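The values are calculated or read from the model by the stated rules, or taken from the named source; none is laboratory data. All values derive from a computational prediction rather than experimental measurement. When we count neighbours, we look across all protein chains shown, and the Cβ atoms used for this are built from the backbone with ideal geometry, even at glycine. Remember, those area values only see protein heavy atoms, side chains included, never the ligands or the DNA or RNA. Shrake-Rupley method; radii C 1.70, N 1.55, O 1.52, S 1.80 Å.
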Amino acid sequence: MSDANFSDATFSNNAYFNKVAFSEVTFINDAKFNGVKFTCISFKKATFTGCADFFGAEFTQHANFVNATFTNTAIFRMADFLSDANFTGSVFTSKADFFGAVFSEGAEFSKVFFKGNAHFNSANFDSANFSGATFTQEIDFNNTIFENYAPTFERKWEGTIARFSIQAAQGKYIFSVHHDSKPIPPGEAELDGSKHRIPVGAVLFDPDSWDEEKQEYTRVSEPAKPIKESDSQGESPSK
């Protein structure tokens, strides 16, 4: 289905997809799946060049978005993931909106590149892995609930560590989760004399330091060290 084109397709309300694969499909314009009920769906390596709208969608089994590319706004507001959701390696070029989404089982965001704002405010997670994810703009976990496990931002044995941009215009990070939530372990890192509060073990990086030959950022901080919880209420603006 690599050549399939579902431009401007709209599936809403009572539409139901059972074991459908949209792997490597390119959606040229807006792809609207708001209110759709999916069973064991795969959007692996799919490309969404228009708005990807999954508002209120229900994923009853495994949801596979591995290495998907979203070049426009991606809307997963109020989506319900009843089984595991895997976004490993995906790229969100514009806003990623997961407001109020429910992840009943594991949510994998490892190695995801958030080039735009990432909003997870008021979402509900059983467990979530953000190790190796890159955040270049705003990140919002305000009122989010991590019900059973604190989210992971580093996996040393895999060498996957979350990165947060040092640039002031890209550094509004909100970690003020719901009072019933497992906390995001608060840490502080420093790069070029500028300190930011980010999760323990994560690093700061300069987005202007990309080395094309090495395929890596060359200006990266040491991993964030733990700070007292009383000093970590919420966000990490530039100091």
How would D208, D126 line up by accessible area, probe 1.4 Å, largest first? D208, D126
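How many percent of the accessible area of the range 99-169 is carbon or sulfur, using a 1.4 Å probe? Before the final figure, lay out each step's value.
Values: 1170 of 2690 Å².
The value for the range 99-169 is 43 percent carbon and sulfur by accessible area.
Let me check I've understood the local charge: for N129, count other residues with C-beta under 13 angstrom from its C-beta, Lys and Arg +1, Asp and Glu -1. What total comes out?
Numbers: positive: K111, R155; negative: D84, E105, E108, D126, E154, E158.
With Lys, Arg at +1 and Asp, Glu at -1, the net is -4.
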List, largest first, the extents of the alpha carbons of the chain along their principal axes, each in whole Å. 52, 45, 32
How far is it, in nm, from the label point at N148 to the one at K214 when both lie 7 Å from their Cα along the line to the Cβ? 4.1
Among the listed pairs K115/K214; K95/K228; K156/K182; K111/K228; K95/K172; K115/K156, those beyond 26 Å (Cα-Cα): K95/K228; K111/K228
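Using the heavy atoms of the protein chains alone and a 1.4 angstrom probe, what is the accessible area of the range 78-207 per residue in square angstrom? Display every interim value, and only then the final one.
Details: 4790 Å² over 130 residues.
I get 37 Å² per residue for this part.
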Rounded to the nearest 0.05, FRET efficiency between Q167 and I28 (Cβ-Cβ, R0 45 Å) equals 0.90
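Can you list, largest first and rounded to whole Å, the semi-axes you get for the range 55-165 by taking the square root of 5 times each eigenvalue of its Cα gyration tensor?
The answer is 18, 16, 14 Å, longest axis first.
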